[in-house]
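Only one structure is covered here, and it is reproduced in the block below.
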Amino acid sequence: MVTRLINQFLDAIKKRSLFQHHDIKTFILFFVIGIGLNLAIASCTPSNSANAPAQQPQIPKLTVLKMGHQKGMALLNILKAQGSLEKRLQPQGISVTWNEFSSTAPLLEGMGVNAIVFGGGGGTGSVFAQAADKPFVRVAASTSSTRSSAILVLEKSPIKTLADLKGKKVAFAKGSSSQYMILRALGNVGLKYSDITPVFLTPAEALPAFERGDFDAWLIWDPYTAEAERKLPTRLLADNTTVFGDKAATESPAFYYASPDFVRDYPDILQIILQELEKAGVWSRQNYKDSAQLLSKLYKVDVKTMEIVEERGGERKVLAVTGEVLAGLQRMADAFYELKVIPKKIDVSDLKYNWIYEQKS
């Protein structure tokens with residue numbers, strides 16, 4: 001084929017009498033040599049085609065780990081008080097900073113603007129954040145005690161049952177686990193969310209307002225529950241077990257969260273954080289009075305109150321994000337969508353928002 005093309009080329013040149021015969025042979029020789037050199041150079045040149053492997057951007061060394069915490073996520077607060085995470089990461093040249101948030105919704109907002117890369121809180125906040133397309137990942141689940149959340153009224157209140165909440169002002173933190181708890185509590189007695197007047201207050205704002213009688217009932221979690229019970233004449237209207245029954249541990253789960261970039265770039269550091277949380281859980285179960293001492297200083301709550309919280313704190317295990325846990329969270333998300341509390345229907349099992357945690361020693 002190549003020979004035929006060269007001969008055709010030679011004939012064309014002869015017809016046009018462009019060169020003498022010996023000049024034609026010389027020209028052809030250089031022509032063929034040139035083609036060969038071009039092919040050889042091309043074969044040695046790196047290809048820019050789509051098949052060439054893309055160069056991976058280099059991950060910067062982590063020097064500061066930005067942690068978030070809130071009252072009610074005991075293991076994170078024990079970790080902060082003991083300084084065990086700092087000790088574990090110091091050999092790698094990583095320091096740790098801590099930012100406190102009032103509830104899960106602002107914690108995940110902080111994660112979205114890179115104020116923190118790891119934190120923990122109720123699952124309800126993650127439903128609101130996912131519905132708003134906020135960036136976060138559920139990296140582990142947390143067990144909770146049956147008294148981790150409660151519905152309180154003042155002792156003098158005429159409210160005796162959940163059914164008596166109809167037409168009343170009920171306070172809770174917006175986007176918190178308490179918002180889902182009141183929804184389920186009302187449903188258990190045939191009431192709707194529209195049957196109450198929600199009063200959105202942070203725990204710190206709600207305590208003095210509760211004492212003044214600015215609202216009729218308060219949904220809150222420990223240590224605020226124990227603090228209110230010790231400081232004020234209160235009555236327990238319901239708790240996790242009353243509302244959720246034997247599924248209390250999975251129907252309103254708490255989670256540990258991390259930013260997507262942190263999960264992608266530093267999975268080894270993420271494993272270290274979860275391992276240290278597990279150690280804190282074991283320590284707090286075996287030494288609840290010592291744990292109460294640590295947390296009382298951090299929360300600025302008296303030791304007696306914290307001993308109540310720690311004694312009823314439950315197992316406090318760090319668990320994988322499983323289908324069972326996410327099933328409870330999906331029921332929560334569906335309920336909020338039906339009420340138009342969130343703007344769209346979401347799939348909480350979307351892998352974009354969940355990380356499979358495998359324990360490594």
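The values are calculated or read from the model by the stated rules, or taken from the named source; none is laboratory data. Computed from a prediction, not measured in an experiment: that's the story for all the values here. Ideal geometry is used to build each Cβ from the backbone, glycine not excepted, and the neighbour counts take in all protein chains shown.
So here's what we get for this one:
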| item | result |
| --- | --- |
| Checklist (1) surrounded by fewer than 21 Cβ atoms within 10 Å (Cβ to Cβ); (2) outside the structural domain of ILE308 (by TED's automatic domain parsing); (3) polar (S, T, N, Q); (4) more than 18 Å from HIS69 (Cβ to Cβ) applied to GLN271, failing item | (2) |
| Within the range 208-222, tally of residues that are part of a loop (DSSP other than H, G, I, E, B) and surrounded by fewer than 24 Cβ atoms within 10 Å (Cβ to Cβ) | 4 |
| Subset tally (residues that are in a loop (DSSP other than H, G, I, E, B) and out of contact with any helix residue (DSSP H, G or I) (no Cβ under 6 Å at 6 or more places or on another chain)) for the range 152-207 | 16 |
| Output for the range 93-112, where each listed residue is free of Cβ contacts under 8 Å to residues at least 40 places away in the same chain and over 13 Å from the mean Cα position of the chain (by Cα) | GLY93, SER95, VAL96, THR97, TRP98, ASN99, GLU100, PHE101 |
| Residue under evaluation ALA74, criteria (1) closer than 20 Å to LYS317 by Cα; (2) in contact (Cβ under 8 Å) with a residue 60 or more places away in the chain; (3) surrounded by fewer than 24 Cβ atoms within 10 Å (Cβ to Cβ), criterion not met | (3) |
| Residue check for VAL301: part of a loop (DSSP other than H, G, I, E, B), among the β-branched types (Val, Ile, Thr), surrounded by 14 or more Cβ atoms within 10 Å (Cβ to Cβ) and touching a residue at least 12 places away in the same chain (Cβ under 8 Å) | yes |
| Residue that is farthest from the chain's Cα centre (by Cα), among those in the range 137-151 that are among the hydrophobic types (A, V, I, L, M, F, W, C) and modelled with pLDDT of 95 or more | ILE151 |
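So that you can scan it fast, the table gives a plain yes or no per residue for (1) assigned by TED's automatic domain parsing to the domain that holds TYR180; (2) touching a strand residue (DSSP E or B) at 6+ places or on another chain (Cβ under 9 Å); (3) at pLDDT below 95:
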| site | (1), (2), (3) |
| --- | --- |
| TRP98 | no, yes, no |
| SER103 | no, yes, yes |
| PHE118 | no, yes, no |
| GLY121 | no, yes, yes |
| THR124 | no, no, yes |
| PRO135 | no, no, no |
